[in-house]
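The values are calculated or read from the model by the stated rules, or taken from the named source; none is laboratory data. Keep in mind the model is a prediction, meaning the values are calculated, not measured. Cβ placement follows ideal geometry from the backbone for every residue including glycine, while neighbour counts extend to all protein chains displayed. Heads up: the accessible areas ignore ligands, DNA and RNA and are worked out on the full protein's heavy atoms, side chains in. Shrake-Rupley method; radii C 1.70, N 1.55, O 1.52, S 1.80 Å.
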2 protein chains.
Amino acid sequence: MKALTGTTSDGRTVRRGAAVTRPGREATARVGRDATIYQVAARAGVSIATVSRVLRGTAPVADATRSRVLSAVDELRFTPSRSARSLAEGQHAANGIVFPDLSGPYFAEVVLGYEEVAAELGRSVLVLSTHGRQAARQMVMDLASRVDGLVILGRTVGDDVLADLAGRGLPLVLMARDPVASADTVSSENTASARALTAHLVHDHGYRSFAYLGNTTTSRDTSQRWAAFRSVLREAKVPVPRAPTPCSFDEEDGRVAADRLLRRKRPRALVCANDEIALGAVMAAEELGLAVPDDVAVTGWDDVMAARHSRPGLTTVRQPMRELGAWAARRLHERLAGDASEPRHEVLPTQLVQRASCGHHQKEHQ
Amino acid sequence: MKALTGTTSDGRTVRRGAAVTRPGREATARVGRDATIYQVAARAGVSIATVSRVLRGTAPVADATRSRVLSAVDELRFTPSRSARSLAEGQHAANGIVFPDLSGPYFAEVVLGYEEVAAELGRSVLVLSTHGRQAARQMVMDLASRVDGLVILGRTVGDDVLADLAGRGLPLVLMARDPVASADTVSSENTASARALTAHLVHDHGYRSFAYLGNTTTSRDTSQRWAAFRSVLREAKVPVPRAPTPCSFDEEDGRVAADRLLRRKRPRALVCANDEIALGAVMAAEELGLAVPDDVAVTGWDDVMAARHSRPGLTTVRQPMRELGAWAARRLHERLAGDASEPRHEVLPTQLVQRASCGHHQKEHQ
DNA sequence: GTCGTTCCTGTAAGCGCTTTCACTCCGCTT
DNA sequence: AAGCGGAGTGAAAGCGCTTACAGGAACGAC
């Protein structure tokens, strides 16, 4: 290492010095300039290559050298710069998840399941909620440049964006969305369970007039449920509502929509696109002096916590929210590990949960 | 631009070529190599500096040049590399949020409020849930190297980690945690509302025997509530429980803890550290054939959705969960914008929500 | 005409890592 | 005694941007 060391650290010292005095850098709140690998190398009397090797364990390093490097790292509280590493490696060791809105237990649970597995696999996770903003495309593209792979929920962004992303070779996992390009997809089962739910209402309870609450254009999940709902009614020769009663996916909107609906007609059963709408609907019914389920039956979807505690207990369909996120995280990881097999389209099972809001049963569950 | 252009693009072309053929790069799933600023520059017949200027708008560029660059960008579907930009700028344009666990409506709402504001301010957000993992320190440090600022909830990590982070000049906002170093903090009001809640139970309802359910060591919030609860009892000369009944913050644990407790003693009122525990406790009471609130009163904290829908309605204290996240995001942004003023310690107001689970009132809130 | 000025643009030096290549020792074989 | 292979290390080229600095050109003003 003779004179070389000196040269190295000197050369670098000059650079650093120049950088520090360099004007024009906006004054961020950052104060204590982090140590760089050059400083560590200088202190340990080795080259930066060796420091890197010690830290990453990519090549044998003599014990004596290693420990010198390690103490230098320690003394300087050195933490390698993530962006420099990413730039050099061409990887981020991070992946993202995009959803239309984080509100509501559904998205929260999905993100939880995702984060847990991703963290386990050593990947950082970036979240982006588009909130239906106009700038969604831009935001997603920006996110894309920070990650190695992306999970996208529902119809957050258009097919063109997906195609663009896929075209860049960015591994994608789509959730609750129709397959696009070469991306993997995960969703939970909708058709069979929506059929089972509707059949239960028609055949076990004998209801003959229905309404469906919820938007069916913003999500593949709900449009599938709506379609299954209709087909069961049609097959049973029960009047089929022309269209769903539009309503966004929160409680207040469910309450308002149900209130308006119940003042006009009086369907015997309200099938709602998710639990929050359903809970809002129950509230609206009670405000109008209608008893649930005796005057009007109500069902939800998801089986969120409040569904279990509400009065009456809400009949709903449980979907494996965390598992959806977890599956996506695992699949993305496989892709990033080099799996180039055909896209997979996973459908996770759901479960009909009968409680009191849809009517009284023989063996009451609640 | 004469021969210069040629030189530039050539020189770069050689580099790129070398990079592409360069062996050893692990085969990630990435396929379609993204375009770089060099290719855009070559195509538009300008230097990379000009491309950068067009894209960032940092200096005047002739209209003709600008449009040539823009078309090149378009044709090549160029998206600047985020890591290169971060490295050059010394900034990430991202910030992170760390919490012990994402489960439960509380954390979900905080994160939502945070994400919404951060995104609005043009910052990407990284989330990290430590899940009480051993590697928490490592994970947080890793996260720290990817962001310009960090929000940390509760006692996720030790003071030493915080000091280290702060020492590096990383702006920090602490939530629901005792002030440390020079970090800003936000929390919601605990003492006054816990006093009001307890006083209501003692004075308005006249209860004389109490239990407190929930861990008080893992969070400043709950330990403050516990302290306030005790002091009101002491002042009212009501027997004070020696210690809280330990119980983690989920429903199932609440149910189990309450079940065990109610089989031994029979406190007249159960004050719970959050709504989930309370809901679990209500369930346990009912399973034991006890009526809520007639045999045993129960109160929660947070006012999550299920609290409103449960039977009986849960008396609780509403805390501005989203606003906590939003405040943190805004404060962090101010810090990053250069605000170097004294650390702020914000306390957001809460609100006592009286429903039926604590006993019957004159004017029933339901 | 000459001399600022104002506009545009290019050159090149970083930013802080990773990794290839080359080279020096050493201990062992033949 | 010459050769070989492996272990350990350093030099330097990249990774893809941003930006200070240095002109060149066009335009008025005197």
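Taking (1) touching a Gly at 6+ places or on another chain (Cβ under 7 Å); (2) part of a loop (DSSP other than H, G, I, E, B) in turn, A:Val157 satisfies each apart from (1). B:Gly167: open to solvent by 10 Å² or more (accessible area, probe 1.4 Å) and assigned by TED's automatic domain parsing to the domain that holds B:Arg335, yes or no? Taking the combined requirement at face value, the residue satisfies it. Within segment B:59-91, if we keep just the residues that are part of a loop (DSSP other than H, G, I, E, B) and near DNA strand C (Cβ under 9 Å from one of its atoms), the residue that is farthest from the other protein chains (Cβ to nearest Cβ) turns out to be B:Ala62. Restricting B:Ala273, B:Ala281 to those that are touching a Gly at 6+ places or on another chain (Cβ under 6 Å), touching a residue at least 60 places away in the same chain (Cβ under 8 Å) and within 14 Å of another protein chain (Cβ to nearest Cβ) reduces the list to B:Ala281. Residues in segment A:297-325 that are among the polar types (S, T, N, Q) and within 12 Å of another protein chain (Cβ to nearest Cβ): A:Ser310 only.
Can you name every residue in segment B:129-151 that is under 15 Å from B:Ala94 (Cα atoms) and open to solvent by less than 10 Å² (accessible area, probe 1.4 Å)? B:Val140, B:Leu143, B:Val147, B:Asp148, B:Gly149, B:Leu150, B:Val151 - these are the residues of segment B:129-151 that are under 15 Å from B:Ala94 (Cα atoms) and open to solvent by less than 10 Å² (accessible area, probe 1.4 Å).
B:Tyr114 satisfies every condition listed in (1) assigned to a helix (DSSP H, G or I); (2) surrounded by fewer than 24 Cβ atoms within 10 Å (Cβ to Cβ) except (2). Considered as a group, the residues in segment B:227-251 that are touching a strand residue (DSSP E or B) at 6+ places or on another chain (Cβ under 9 Å) and assigned to a helix (DSSP H, G or I) include one that is surrounded by the most Cβ atoms within 10 Å (Cβ to Cβ), and that residue is B:Phe229.
Please work out if A:Gly300 is within 21 Å of A:Val110 (Cα to Cα), at pLDDT 95 or above and either in contact with a helix residue (DSSP H, G or I) (Cβ under 8 Å, 6 or more places away or on another chain) or in the same structural domain as A:Glu109 (by TED's automatic domain parsing) (or both). It is true that A:Gly300 is within 21 Å of A:Val110 (Cα to Cα), at pLDDT 95 or above and either in contact with a helix residue (DSSP H, G or I) (Cβ under 8 Å, 6 or more places away or on another chain) or in the same structural domain as A:Glu109 (by TED's automatic domain parsing) (or both).
Among the numbered conditions (1) modelled with pLDDT under 95; (2) surrounded by fewer than 24 Cβ atoms within 10 Å (Cβ to Cβ), the only one that B:Arg68 does not meet is (1). Filtering B:Gly254, B:Gly169 for residues that are part of a helix (DSSP H, G or I) and within 14 Å of chain A (Cβ to nearest Cβ) leaves a single hit, B:Gly254. Taking the conditions (1) at pLDDT 95 or above; (2) more than 11 Å from chain A (Cβ to nearest Cβ); (3) in a helix (DSSP H, G or I) in turn, B:Val151 satisfies each one other than (3).
Residue under question is B:Ser188, and the condition is that it be at pLDDT 95 or above, among the hydroxyl-bearing types (Ser, Thr, Tyr) and more than 26 Å from B:His131 (Cα to Cα); does it hold? Give the derivation first.
Details: at pLDDT 95 or above: yes; among the hydroxyl-bearing types (Ser, Thr, Tyr): yes; more than 26 Å from B:His131 (Cα to Cα): no.
Against the criterion (at pLDDT 95 or above, among the hydroxyl-bearing types (Ser, Thr, Tyr) and more than 26 Å from B:His131 (Cα to Cα)), B:Ser188 does not qualify.
Filtering segment B:326-342 to residues that are open to solvent by 20 Å² or more (accessible area, probe 1.4 Å) and within 12 Å of another protein chain (Cβ to nearest Cβ) leaves B:His333, B:Glu334, B:Arg335, B:Leu336, B:Ala337, B:Gly338, B:Asp339, B:Ala340, B:Ser341. Entry remark, segment B:119-148: residues being in a helix (DSSP H, G or I) and more than 10 Å from chain A (Cβ to nearest Cβ) number 4 in total.
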